[in-house]
Amino acid sequence: MSLQDAVVTAEQLPPLDREPWSAISPSYRAVLRWTVLLYCVIPLVGLGLVIAFDLEHLRTPAKMLAAAIVVLALFLLAVWVPRRVHHTQYLLRELDVHKRTGFWWHKTVSAGTNRVQHIEVTQGPIERLYGLSKLVLYTAGGYQSDIKIPGLPTDEAHRLKQYLTERIVSEELETEHAAH
């Protein structure tokens, strides 16, 4: 029995860009903004205490660091958050799932449904306020092989989970029947 490993050229590859990618909810902007604010407020409170207690040798560095955190927070809130939400999309096909993100650096993560080991829908307190959830697909393959799709309306996240779970079970049953 000879094993053939045919060459695949770039022209033969299916283009993902022509597929109907789905956007995440625009409400996810608010979730990210609250998250940025929480991460920035905590160090600002600490720096404010340093300044308030008038620790002379730390006052100037604390003010400079506080100013840098405020500038960073403003950049994240005004520029990064809207672009992050705009560039986060997912694509569900019959045999695979893809997620792409990117502000400066673009990244596409893909996994075949036959590689998915389990799926969960998670929701933090801020996401709960906005009716959003994150779909997490845990795949075989080790470090960072998971796909996390944030900013999904909760009912949509559960529908996707149900669909993928059914798809995975049917693939497993087909494999078992083919083996017997």
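The values are calculated or read from the model by the stated rules, or taken from the named source; none is laboratory data. Keep in mind that this is a model prediction, so the values were computed, not measured. Neighbour counts run over all protein chains shown; Cβ positions are idealised from the backbone, glycine included.
Would you pick out the residues in region 123-171 that are among the acidic types (Asp, Glu) and more than 18 Å from the chain's Cα centre (by Cα)?
As a first pass, look at region 123-171 and keep what is among the acidic types (Asp, Glu): 127, 146, 155-156, 166, 171.
GLU166, GLU171 - these are the residues of region 123-171 that are among the acidic types (Asp, Glu) and more than 18 Å from the chain's Cα centre (by Cα).
Return the total of residues in region 47-93 being hydroxyl-bearing (Ser, Thr, Tyr) and surrounded by fewer than 15 Cβ atoms within 10 Å (Cβ to Cβ). Don't jump to the end; show me each part of the working.
Let us first name the residues in region 47-93 that are hydroxyl-bearing (Ser, Thr, Tyr), namely 60, 88, 90.
Okay, now just the ones that are also surrounded by fewer than 15 Cβ atoms within 10 Å (Cβ to Cβ), so 60.
Final tally of qualifying residues: 1.
Name the residues in region 127-180 that are closer than 12 Å to THR113 by Cβ and touching a residue at least 60 places away in the same chain (Cβ under 8 Å), would you?
LEU160, TYR163, LEU164, ARG167
What do you reckon, is VAL31 surrounded by fewer than 12 Cβ atoms within 10 Å (Cβ to Cβ) and either in a helix (DSSP H, G or I) or under 14 Å from the mean Cα position of the chain (by Cα) (or both)? Even if it seems obvious, please write down each step before you answer.
Values: surrounded by fewer than 12 Cβ atoms within 10 Å (Cβ to Cβ): no; either in a helix (DSSP H, G or I) or under 14 Å from the mean Cα position of the chain (by Cα) (or both): yes.
Criteria not met by VAL31.
Which of (1) in contact with a helix residue (DSSP H, G or I) (Cβ under 6 Å, 6 or more places away or on another chain); (2) at pLDDT 95 or above is the odd one out, the single condition ALA62 does not satisfy?
(2)
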